[in-house]
Each structure stands twice: as structure tokens, then as C-alpha cells.
1. Return one number: the angle in degrees, 0 to 90 and rounded to the nearest 10, between the long axis of the Cα atoms of helix 183-196 and the longest principal axis of the Cα atoms of the chain.
2. Please turn the phi angles of region 205-215 into ³J(HN,Hα) values with the Karplus equation 6.51 cos²θ - 1.76 cosθ + 1.60 (θ = phi - 60°), one per residue in order, whole Hz, x for glycine and proline.
3. By how many degrees, between 0 and 90 and to the nearest 10, does the Cα long axis of helix 121-137 differ from the longest principal axis of the chain?
4. Could you work out which residue, out of 240, 59, 169, moves most in a Gaussian network model of the chain, that is, has the largest mean-square fluctuation with Cα springs under 10 Å?
5. By a straight-distance test (C-alpha under 17 Å), which lysines pair with residue 46 as possible cross-link partners, with residues fewer than eight away in the same chain excluded?
6. Between residue 78 and residue 239, what is the spin-label point distance in nm, taking each point 7 Å from the Cα along the Cα→C-beta axis?
7. Springs between alpha-carbon atoms under 10 Å, Gaussian network over the chain: tell me which of 47, 69, 218 tops the mean-square fluctuations.
8. Set Lys and Arg Cβ to +1 and Asp and Glu Cβ to -1, take the dipole of the chain about its Cα centre, and tell me which of 23, 62, 36 lies farthest positive.
Amino acid sequence: MKPDGIILETRRLTKEFKGFVAVSAVDLKVRRGTIHALIGPNGAGKTTCFNLLTKFLAPSSGQILFNGTDITHEKPAHIARRGIVRSFQISAVFPHLTVLENVRVALQRRLGTSFHFWRSERTLSRLDARALELLREVGLEADAGALAVELSYGRKRALEIATTLAMEPELMLLDEPTQGMGIEDVDRIRRLIKKVAADRTVLMVEHNMSVVASIADTITVLQRGATLAEGPYAEVSRNPAVIEAYMGSAQTELQGAH
């Protein structure tokens, strides 16, 4: 554990695609126990940055450090085992398994017993107890027996957060957790992120500025792959360069989310 409280750090992280620089020399420091939001206009490099952190993409140059250890060249599976777990922009649940079974599959993955469906009932019932705890944490205990396909969109995202929690993340990466949601679901997920972040670190990409304003401790604004500004929301949202980057309706949203 790093003594200065930085759980994740990037140093001049860069990704080029055939001459196009998608992420340009980004220096990011995520403090342990905080909610850190990556925001920026479309095409700013936010998702590419996430793909670099989880090693779905290899950086062109720069470094990624987790708990002070250089993980720049590690494989995605190693990154996950270290405790960096990503929840995807597109809901990633098994639609025809029950809500409980979805969490149990994630628990089996964590234990390295994936697809061992012939394991003893005792093992599975132990997993069931933990799965129910996780469902309780995300407010889905009453839906344990329902098929995932029957859940509303917002509840599917809550289930996805439960399966992410089942992997026991030290750092949760949330990719657009409220995308495509109505107001009620947005509020549910916002409160859920705040709750699960109480004893974890969260790095999130999010377009909804009211969500970012209400829960993020630190915000990094990207524009054209580079860091434009960083700091608490109140400070960042008043930054003239940030306001200019968010021209039009997004600008109004940025200032109106106080």
C-alpha cells in the first residue's frame, strides 16, 4: 500500500492509433477511498483511457502504477487479480440466469471455480449466502429469484455493480454507469455508487454532470486526449477552459449541476 494514499497513478500515459493521438501524456493520480470522475466532451479519450488502465489496449508510451507497482505491461487477468475491476458501459449480465446465479458466477470466478457446476451443494450454498449479502448491498435482495432479463435497465446496472463487487475490487472502474437511464434509475445508481464507495475507491467515466457534481471528490477533465483541468467539481466547473470545451447544451448542464 502506498504511504501517500495514491492507489492508481499514470505517468505521461499515451495511446496513438496510426498517427492519431487518442490519449496524450495523461498524468492521473487517484487517491485511495475517493470517487474520481473522468469527464470530457465526446472523443476526449475517456474510454480509451479506461481501456489502457484495464489493459484491453496497450499504451504507446507512459506508465501505469497500482499501489506503487508498475503494471504497465501486465495482462488483463493479472490486473483483475490485483483488484482493478471494470464494470462495462453495456450491461454485462447473463440474461437467462437468475439475479442470484449471476452474482454466484462472479463469485465462482473470484474463487477460480468457474464452470465447476458439479461442485458440492455445500460450496454453492456458501456462495449463495455471500451472493445474497451483495444483492442486499445493491438493493436487489427481493429480486434474487428473478431472471436478469426481467429486470429494468437501472436494476440491471445495479446487478452489474453487484457482480463487480463479487470480484472484491480494491479499485472499481465504472464506465458510464447511468447512461440511457431515466431520472429515477439515475438517482438509484448515484446513491448506490456513493454507498459502495464508502470502503472502496471508484474511478468513473460519466456524462451526467449532476451525478458527477453530487458524488465525485475529484474530477479530471480530458479534451482531445489530454488533461484540461483537475480538481473538485466547484473549481473545475468554473474553469474558463472547461466551460469553453463544453460549448452549447453541455456547457449549460455543466454550470447548472451545482
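Computed from the coordinates by the stated procedures, all read-outs in this text should not be read as laboratory data. Note that the coordinates shown come from a computational prediction; the quantities given were computed from them, not determined experimentally. So basically every Cβ, Gly included, is an ideal-geometry build from the backbone, and we count neighbours across all protein chains shown.
1. 80 degrees
2. After applying 6.51 cos²θ - 1.76 cosθ + 1.60, I find 9, 8, 8, 6, 5, 5, 5, 4, 4, 8, 10 Hz.
3. Helix 121-137 sits roughly 40 degrees off the main axis of the chain.
4. Residue with maximal mean-square fluctuation among 240, 59, 169: 240.
5. Straight-distance partners of residue 46: 15, 29, 55.
6. According to this spin-label approximation, the distance is 3.3 nm.
7. The residue that fluctuates most here is 69.
8. Ranked along the dipole, the leading option is 62.
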